[in-house]
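Since the structure comes first, as structure tokens, the remarks are kept for the end.
The values are calculated or read from the model by the stated rules, or taken from the named source; none is laboratory data. Just so you know, these numbers come straight off a predicted model, no measurement behind them. Because the Cβ atoms are built from the backbone with ideal geometry, glycine has one as well, and the counts that use them run over all protein chains shown. Accessible surface areas use protein heavy atoms only, side chains included; no ligands, DNA or RNA. Shrake-Rupley method; radii C 1.70, N 1.55, O 1.52, S 1.80 Å.
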Amino acid sequence: GTILFQDDFSTNGRLNSASWDFNHWSAQNNPSYLGLTQMRQELPYAQNGMARIRLDTWLDGNAFSGSEAITNQSWDLTGGGIAFEGKFRFDSTQGGMITGFFSFQDFPSGAVRAPHDEIDFEILTTQLKKISTNVFTIENGSQFSEPHSIDMNGSFSDFHTYRMEWTPTMVRWFVDGQLIRTDTEHVPTNPQQLHMNLLGVPG
């Protein structure tokens, strides 16, 4: 297939704002506060060929301070299908963290973001033997999701390659080239952006 977007994070410093953005704080329908985590209002850094997605403990005693990167560009199924692929690892795996590599429906600024379309990989540090996958779709005007946690070989502190394939008829999830899940019943239809984030959740 054709590569539509690629970032090797080869330049140290903030991620390129021409390619990446983050959820901006808003007084209403605030998309930048997730699971007791306020996302930093700046892009993460790239260092030594990697994007460094960072989470700190309590922010002013009220929330965690997380970080995220979201592609400015969104994609749909016009070309017949698209794949999102990334290679990443955890520096540390203490409990209470969730990292996400996922596509999420492209909404205009200020919009209510539910119901929505989404395709997920998530790593929960409370279950380090499994990888979490999920798909969210809008069905009959309501939100539907279908989460599955799948046994994981190896350690999340090692690099693994994660891939989501989205076509008009199915969604497929791969880890290190191995197919781990297929869903042919619940397939998103709306344009989606690629997200990377790290957040903390209540203990």
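Given the conditions (1) assigned to a loop (DSSP other than H, G, I, E, B); (2) touching a residue at least 60 places away in the same chain (Cβ under 8 Å); (3) within 26 Å of THR125 (Cβ to Cβ), which single one is not true for GLY1? If we test GLY1 against (1) assigned to a loop (DSSP other than H, G, I, E, B); (2) touching a residue at least 60 places away in the same chain (Cβ under 8 Å); (3) within 26 Å of THR125 (Cβ to Cβ), just (3) comes out false.
Tally up the residues in the range 18-33 that are under 18 Å from the mean Cα position of the chain (by Cα) and either assigned to a loop (DSSP other than H, G, I, E, B) or under 17 Å from LEU194 (Cα atoms) (or both), please.
Keep residues of the range 18-33 that are under 18 Å from the mean Cα position of the chain (by Cα), which gives 19-24, 30-33.
This time we only want the ones that are either assigned to a loop (DSSP other than H, G, I, E, B) or under 17 Å from LEU194 (Cα atoms) (or both), so: 19-24, 30-32.
Qualifying residue count, the range 18-33: 9.
Checking the condition more than 23 Å from PHE156 (Cβ to Cβ), out of contact with any Gly (no Cβ under 6 Å at 6 or more places or on another chain) and at pLDDT below 90, which residue from TRP58, TRP75 passes? Only one candidate passes the filter, namely TRP58. Of all positions in the range 38-59, at least one carries a residue that is under 16 Å from the mean Cα position of the chain (by Cα), among the β-branched types (Val, Ile, Thr) and in a loop (DSSP other than H, G, I, E, B).
Restricting the range 179-201 to residues that are under 30 Å from TYR45 (Cα atoms) and among the polar types (S, T, N, Q), the residue that is most open to solvent (accessible area, probe 1.4 Å) is ASN190.
Among the residues of the range 6-55 satisfying the criterion of being of a type in the set (Phe, Trp, Tyr) and open to solvent by 80 Å² or more (accessible area, probe 1.4 Å), which is modelled with the lowest pLDDT? The qualifying residue modelled with the lowest pLDDT is TYR33. Here THR137 fulfils each of the conditions (1) in contact (Cβ under 8 Å) with a residue 60 or more places away in the chain; (2) of a type in the set (S, T, N, Q); (3) outside any loop (DSSP other than H, G, I, E, B); (4) out of contact with any Leu (no Cβ under 8 Å at 6 or more places or on another chain) apart from (1). Taking only pairs six or more apart or across chains, which ones have beta-carbon atoms under 9 Å, a first residue in the range 104-131 that is basic (Lys, Arg), and a second residue that is open to solvent by 50 Å² or more (accessible area, probe 1.4 Å)? Close Cβ pairs satisfying both conditions: ARG113/ASN29; LYS129/ASP151; LYS130/SER149; LYS130/ASP151. Kindly indicate the residue of the range 153-173 that is over 19 Å from GLN193 (Cα atoms) and without any contact (Cβ under 8 Å) to a residue 24 or more places away in the chain and also most open to solvent (accessible area, probe 1.4 Å) among those meeting that condition. Step by step, filter the range 153-173, then rank; the result is ASN153.
GLY80 meets the conditions (1) in contact with a Ser or Thr (Cβ under 9 Å, 6 or more places away or on another chain); (2) in a strand (DSSP E or B); (3) not acidic (Asp, Glu) in every case but one. The failed one is (2). Scanning the range 106-139 for residues that are of a type in the set (S, T, N, Q) and either closer than 25 Å to ILE82 by Cα or open to solvent by less than 50 Å² (accessible area, probe 1.4 Å) (or both) yields SER109, THR125, SER132, THR133, ASN134, THR137.
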